[in-house]
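Just so it is clear, none of the values below were taken in a lab; they were calculated from the coordinates. Since the model is a prediction, treat every value here as computed from it, not as a measurement. For neighbour counting, all protein chains shown are included, and Cβ atoms are generated from backbone atoms with ideal geometry for every residue, glycine included.
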Amino acid sequence: MIKKKIVFISGSSSGIGFYLAKLFQNDDFIIIINGKNIKKLKKSSSELNNCSYIQGDLTNSKDIKKIITEISKKFGYIDVLISNQGNSNFKKNNLDLDFAFKNNFFSSVNLILNSQKILKKNSSKIICISSICGKEIINGAPIGYSVAKSALNFFIKSFSNKLANDGITINGIMPGNILFEDSVWQKKLDKNKKLTKKYIKENVPVNEFGTVKDIFSICKMIYDQSSKFLTGTIIKIDGGQTKSI
């Protein structure tokens, strides 16, 4: 009997993390979701067949240690760590660099640094959900958010060298414009469909939005790798939007 693999997804009571959890569950993973709001977390767990959940704020170091301890006690280890926690609100992230880094850099970095005891040597994989905003200047993107994601990309590349000693891989995914229920892009479409479609047509060569399934397909490619050769890599999935190599 093949034992099911375990995935922990941070910031997964809603948004991309929640939909990734659904897809991992469909792929026969044991999933652990996470969020700050316990009411929201319980509701999401219910929608995911009463999966395991751990409340905790990834911008709080004490909460991160509590999360890791709880996973260690209940599961012992995890096979895949999806570091997804983030906040892209323009007003909060534009020039408030403290907020931007706390939510989009340190929330991932501190989780990863504290997760060593629940990762299996020569086996576990870390995947960080970054953004094309960390690759190049994107029209309308918050400055602080973009700089924080750029720092996260550099951390992934740098820290992969250290993790390689234990046979653990770390990679990142930089999505472009991802559309899902209640997403930022769905709200923009609801507010001004014509203007939003015009933006996509002018900026995304394939003239369409991406989906969480697109992100999951990259996650699957990464965790299906038996080789440890794929590490320190940041993969873009943006419909051809970014111009830099």
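For the reader, a short list of remarks on this structure follows.
- Applying the criteria of a DSSP loop state and at most 15 other Cβ atoms within 10 Å to the trypsin sites (Lys or Arg not before Pro) of region 110-182 yields Lys120, Lys121.
- In Hz, Karplus ³J(HN,Hα) per residue of region 192-204 (6.51, -1.76, 1.60; θ = phi - 60°; x = Gly, Pro): 8, 4, 4, 5, 5, 5, 5, 4, 5, 4, 7, 10, 10
- Relative contact order of region 94-153, pairs being alpha-carbon contacts under 8 Å that are 6 or more residues apart, as %: 52 percent
- Averaging the sequence gap over all C-alpha pairs within less than 8 Å and six or more residues apart, then dividing by the number of residues, gives region 1-160 a relative contact order of 21 percent.
- Cβ-placed point charges (K, R +1; D, E -1), dipole of the chain about Cα centre in debye, nearest 20: 320 debye
- 25 Å Cα-Cα reach of Lys3 towards lysines, excluding residues that sit fewer than 8 places from it in its own chain: Lys22, Lys73, Lys74, Lys117, Lys120, Lys121, Lys125, Lys213, Lys220, Lys228
- Projecting the Cα atoms of Thr69, Ser107, Ser131 onto the charge dipole of the chain, computed from C-beta unit charges around the Cα centre, puts Thr69 farthest toward the positive end.
- Residues whose amide H falls under 5 Å from that of Ile170, counting only those 5 or more places apart or on a different chain, are Ile126, Gly232, with hydrogens built in the peptide plane.
- Per-residue ³J(HN,Hα) for region 18-26, Karplus 6.51 cos²θ - 1.76 cosθ + 1.60, θ = phi - 60°, Hz, x for Gly and Pro: 5, 6, 5, 4, 4, 6, 5, 5, 5
- For region 123-137, backbone phi angles converted through the Karplus equation (6.51, -1.76, 1.60; θ = phi - 60°) give residue-by-residue couplings of 8, 5, 10, 10, 10, 9, 8, 9, 6, 5, 5, x, 9, 7, 5 Hz, Gly and Pro being listed as x.
- Distance between region 103-142 and region 17-88 - C-alpha centres, whole angstrom: 15 Å
- Fraction of alpha-carbon pairs over 15 Å apart in region 1-83 - percent: 51 percent
- Length gained when the stretch Thr69-Lys243 is fully extended (0.36 nm per residue, less Cα-Cα span): 58.4 nm
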